[in-house]
């Protein structure tokens, strides 16, 4: 009897063991492991290593990104004033508000006129660091017409560029000049001149006022007899006897006329004009001189 009982028990145990192993094999085949079980068989998720093309951009270093960009064939970004600015500065010229008063007259006889800008600003002026300082503020001004018909010569460097009768000096007809004494020799990198700009017109800019024979010279000689450097000249026929210039005449706006100067050294800055297309008079609102500070 005991023997039969033992045989039955062994057979039952064998059946249990076979059932257990059969169940485990089925689970492993389905990938249906329960938490905590480790069978060495994949859980069924895609555990392949990420493709190099799927690596997040943040995984690249700054140098890697730069190298990648350098090897692309996309079009380069447009040039801006901030490109390649290391060691350089932009001359910051503060502009007065525009004025749309009066009746703009048709521009006649301007044979050397630049195309209308239609609101497009002049290019910015880039200079070496430290050479963008305003040098002319409150400096002494003299003129070929020492007694202006309207206003005072001191208006030309007082910093007030807004247009009204209390901000400009009106000089006699013909070729006249105003001269700024910077106090000592300076290294000059830019100049901006504002004449009368009341007759601005709404865009497109097709009328207005043009001053003739706009000339700018720099010298250490207060009489401008020797050591003269001309940095702007749009007198195309030498009617003001300072030589024939290659610059263009331009329509007056609240932008004035800014132009770069190639590090010319001098104490005195002299600006000429010879009337305008609206009348024979000469007008100056402001002249600003920029360069290397002390």
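General observations
- When residues in the range 246-286 are screened for being under 18 Å from residue 183 (Cβ atoms) and more than 24 Å from the chain's Cα centre (by Cα), 7 of them pass.
- Set 223, 181, 227, 132: member being surrounded by fewer than 22 Cβ atoms within 10 Å (Cβ to Cβ), without any contact (Cβ under 8 Å) to a residue 40 or more places away in the chain, touching a strand residue (DSSP E or B) at 6+ places or on another chain (Cβ under 6 Å) and closer than 30 Å to residue 292 by Cβ: 227
- Qualifying residue in the range 112-126 (condition: in a loop (DSSP other than H, G, I, E, B), modelled with pLDDT of 95 or more and under 24 Å from residue 185 (Cβ atoms)): yes
- Condition check for residue 97 on (1) surrounded by fewer than 14 Cβ atoms within 10 Å (Cβ to Cβ); (2) more than 30 Å from residue 237 (Cβ to Cβ); (3) at pLDDT below 85: one failure, at (3).
The values are calculated or read from the model by the stated rules, or taken from the named source; none is laboratory data. Note that the structure is predicted; figures quoted are calculated from it, not measured. We place every Cβ from the backbone using ideal geometry, glycine too, and count neighbours over all the protein chains shown.
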